[in-house]
Amino acid sequence: MPVRASLLRMTRHLLVAALAALSAATFASPVLAQEPLKLGLVAAMSGQSAKSGEAIVRGLSIAIDEINATGGVLGRKIQLVVRDDESNPAKGVVAARELVQRERVAALFGGLDTPVSIAIVPFANQSKVPFMGVWAAGTPITRNGATENYVFRVSAVDTLVDQALVAYAIKKYAAKKPGMILINNAWGESNEAGLKTALAEKNMPFAGIEKFQDADVDVVPQLTRLKDAGADVLFMVANVAPSSQVVKSLDRMGWNVPIVSHWGPAGGRFSELAGPSSQRVHFIQTFSFSGKLSPKAETVLAALKKKYPEIKTLADVTPAVGIANAYDAMHLTALAIAKAGSTDGPKIRRAFYAIDKYEGLIKTYSTPFTPENHDALSADDYLFTYFKEGEILPLTN
């Protein structure tokens, strides 16, 4: 009897343990299915470009809200994890590593600065984690020479922007001998190469190339050299604060030369920092919420105003490119993950090539990515704009 009773007790314990394990397994799957699908953003969230970083977060967040409202991706809600790179390449790489290795993000989104993005590219390719650019325009970011390239972009590309800048300067100002005033970093170098090529294609000379630093508060010497060399238009490549110093230096000189700029001035408080002369800077963009909007743009704008009550006027959604590029990039990334049926990096990479069509905010994308082209936007997707009372308005040429 004691042996039989002992066996019965053991049997009961085993049955209880088996039922407990079965119950845990039954309930574990839904719990695991509800774990968020993490996506990371490395961008400048502080300093002179904080407004641009904020715009990127807003564009990504509106897209995430839409995706999550329809069930998320792979049955999981998307969660955005943001890290501030402070416009510092070394900090950007550290942030990217943390997002991939600690947070286990399925994909990275890259932010403002070309030097930061270029620093992250080798890590993304080595880690086999898709890296989607939504602002930085440096040509080598996507055209990085990797055999297996994990870097994609929904943004401007310097080599194409430079062609557009030259064409605009000729059409708008009948430029004959433009000069270049470029920030002294990898972004400036990318555009120096692109502008030289674009000018050579037009058989146009240039008055000179001058470089300056982010912290420079007076660029009169560089501008004086360009003026003395006969520059009739200036091509400017720099972000908000240094661009404003160029404009203020021109004011001090009394030189009313036309300025045709990359989109750096759009990234923050340019009109406030540069003063009234900011209006004469014509700069490139990929999107504007001003003017007649598409139904999708109306929907996104309404969602922005609802989610961010501080948005009262169109001036409050500046810079629109940060919002629009990020919004479309998030939807394209979600489509790739869904097509991959997995969060495995190589599978997502291949799935980007399988996207055939997406009705986006900037445009309708048709096969946006191929193994030969990782940039979803082309020169046909650019427009020229200017600041008026804090709002970025399209130019009619």
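Annotations
- Any hit, the stretch 315-325, residues being assigned by TED's automatic domain parsing to the domain that holds Gly110, at pLDDT below 95 and surrounded by fewer than 22 Cβ atoms within 10 Å (Cβ to Cβ): yes
- Test: residue in the stretch 307-314 that is crowded, with 24+ Cβ neighbours inside 10 Å, out of contact with any His (no Cβ under 9 Å at 6 or more places or on another chain) and either closer than 17 Å to Phe384 by Cα or modelled with pLDDT under 95 (or both): no
- Restricting Tyr353, Tyr365 to those that are touching a Lys or Arg at 6+ places or on another chain (Cβ under 7 Å) and either at pLDDT 95 or above or not in a strand (DSSP E or B) (or both) reduces the list to Tyr365.
- Residues that are among the hydroxyl-bearing types (Ser, Thr, Tyr) and surrounded by 19 or more Cβ atoms within 10 Å (Cβ to Cβ), drawn from the stretch 235-288: Ser243, Ser244, Ser249, Ser261, Ser271, Ser278, Thr286, Ser288
- Residue match in the stretch 146-156 (condition: surrounded by fewer than 24 Cβ atoms within 10 Å (Cβ to Cβ) and either small (Gly, Ala, Ser) or in the same structural domain as Ala231 (by TED's automatic domain parsing) (or both)): yes
- Near pairs, Cβ below 6 angstrom, 6+ apart or cross-chain, from the stretch 269-289 (closer than 10 Å to Val247 by Cα and not assigned by TED's automatic domain parsing to the domain that holds Ala324) to any residue that is surrounded by fewer than 23 Cβ atoms within 10 Å (Cβ to Cβ) and of a type in the set (Asp, Glu): Ser277/Asp251
- Taking the stretch 41-69 as the range and being under 10 Å from the mean Cα position of the chain (by Cα) and polar (S, T, N, Q) as the test, only Ser52 passes.
- Unique match (being among the small types (Gly, Ala, Ser) and in contact with a Leu (Cβ under 7 Å, 6 or more places away or on another chain)) among Ala137, Ala119, Ala106: Ala106
The values are calculated or read from the model by the stated rules, or taken from the named source; none is laboratory data. All values reported here derive from a predicted model rather than from experimental measurement. Please note: Cβ atoms are built from the backbone with ideal geometry, for glycine as well, and neighbour counts cover all protein chains shown.
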